[in-house]
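The values are calculated or read from the model by the stated rules, or taken from the named source; none is laboratory data. Keep in mind that what you see is a predicted model, and the values were worked out from it rather than measured. As a convention, Cβ positions derive from the backbone with ideal geometry for all residues, glycine included, and neighbour counts pool all protein chains shown. We work out accessible area using only protein heavy atoms, side chains counted, and drop any ligands, DNA or RNA first. Shrake-Rupley method; radii C 1.70, N 1.55, O 1.52, S 1.80 Å.
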Amino acid sequence: MGQSKIWLSSPHMGTEELKNVQEAFATNWVAPVGPFINQFERDLSDYTQVKHTAVVQSGTAAIHLALRLLDVGKDDIVLCQSFTFIGSSNPISYQQAQPVFIDSETETWNMCPEALETAIKHFIKCGKKPKAILVVHLYGMPAKMKEIGALAERYEIPIIEDAAEALGSSIEGQACGSFGVFGILSFNGNKIITTSGGGALQSNDESAIAKARFLAMQAKDNAPHYEHSTLGYNYRISNIAAAIGVGQLQVLDDRVAARRANYKFYEDLFKNVDGVQFLEEPQGYMSNRWLSCILLEQSENKKLSPEDFRLHLEQDNIESRPLWKPMHMQPLYKGAAYFGGTIAEQLFQKGICLPSGSNLTNHDKERIQKSIQTFLNL
Ligand SMILES: *Cc1c(COP(=O)(O)O)cnc(C)c1O
């Protein structure tokens, strides 16, 4: 091998992050309170145009808080996109609620509105109205929020939008995460911007976000001693991580542009190859292209197996990965209810995520191109 590893998606710092961290040290705000936390919250609200933001330690924690704020508890039903990362659905189980998984549609790979409505009707008929809809903008592609929003309104069920992979994505200029009652973001190490670990809960409901901060700091009542009347969590972000986030947010638009250029690079590379399918943006949709993904049709050309492709890239020290394995296929969720067909399952079987970092160099891209061309015998 000898050549350095090309990662799927690795951290990419700008110029201000380290300066901000040094400032946090110099002023001794090395704590889960401090000026960078407040600034990061304001900057995120400015960016997505959602009025209020609580920054926390992870996207998973943000989803957990959203469920708490919607009063989701034991045996309640939450309708959740099946085709996602487990961070979306684990918090449903933390609340001892019941995740019900919904298939995807083929246009955006996200929650299928028809399957969603079937599920809603089914549970209302059984006298168990779902408590929330958890929709995901996977790989940065916005879900069909117009259709899903209309269903949420008709049946009066609140939406939690998992925009962990979709910071910088929008529909007709409106940011992902701003359509539902709650939107959540993630700043984990592989996301489009990172604070090493971190997340955010956003809402236009000021008192809900104030309560989220209260719950995220062990739910301390207003008293000189430590008084607690409800269950809280230690979920608040560190001022150090927020210092990194403030710097990262300044370069977010550059990162989106670089990721979109990666997608274009792959599109050009596979232009004349049969059996390779891309995820195109529907009219008015803008994806941050967090990860560039393709589907390989195995029937037309036996050689185009996603697993053979992945192993070939690995030999050249290039990381790639299958698409997310749907939650209804996970051993953890054996027995969970599922509505829909086999779209999510087929995506998992046919798909592969290609190296997509905003820090890929031209040299990296040449290596990737050469490796892919060898695989395809071009
Ligand atoms: C990363 C991610 C999460 C969880 O975010 P963390 O910050 O890692 O807890 C949730 N949902 C999706 C779709 C994600 O990609």
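Quick rundown of the values:
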| quantity | calculated |
| --- | --- |
| Placed amide H near residue 337: partners under 5 Å, 5+ positions off or other chain | 101 |
| Rel. contact order, % - alpha carbon contacts under 8 angstrom, at least six apart, the chain | 25 |
| Net length gained if the chain between residue 250 and residue 374 were fully extended (0.36 nm per residue, minus Cα distance) | 40.8 nm |
| Mean ellipticity per residue at 222 nm, deg cm²/dmol - from DSSP H runs of n ≥ 4 across the chain, formula -39500 (n - 2.57) | -11000 deg cm²/dmol |
| Listed peptides 227-235, 281-289, 154-162 by packing density, highest first (mean Cβ within 10 Å) | 154-162, 281-289, 227-235 |
| Hz values of 3J(HN,Hα) by residue in the stretch 74-83 - Karplus curve (6.51, -1.76, 1.60), Gly and Pro given as x | 3, 6, 5, 9, 10, 8, 10, 4, 6, 7 |
| Accessible area (Å², per residue) of the stretch 253-375, counting only protein heavy atoms and a probe of 1.4 Å | 49 |
| Proximal lysine pairs, the stretch 32-155, alpha carbons under 14 Å, eight or more residues apart or interchain | 5 |
| Residues with amide H under 5 Å from that of residue 292, placed H, sequence gap 5 or more | 354 |
| Long-range amide H partners of residue 112 with built H, under 5 Å | 103, 104, 105 |
| For the stretch 8-23, Karplus couplings with θ = phi - 60° (6.51, -1.76, 1.60), whole Hz, Gly/Pro x | 4, 6, 10, x, 9, 7, x, 9, 8, 4, 5, 4, 4, 5, 5, 5 |
| Percent breakdown of C-alpha pair distances by 5 Å bin, ordered from the shortest bin, for the stretch 17-251 | 1, 7, 15, 19, 19, 16, 11, 7, 4, 2, 1, 0, 0 |
| The stretch 136-149 - phi-based ³J(HN,Hα) in whole Hz, Karplus 6.51/-1.76/1.60, Gly and Pro as x | 10, 9, 6, 6, x, 7, x, 6, 6, 6, 5, 5, 5, x |
| Nearby lysines by direct alpha-carbon distance to residue 365 (threshold 19 angstrom, same-chain neighbours under 8 apart not counted) | 5, 264, 271 |
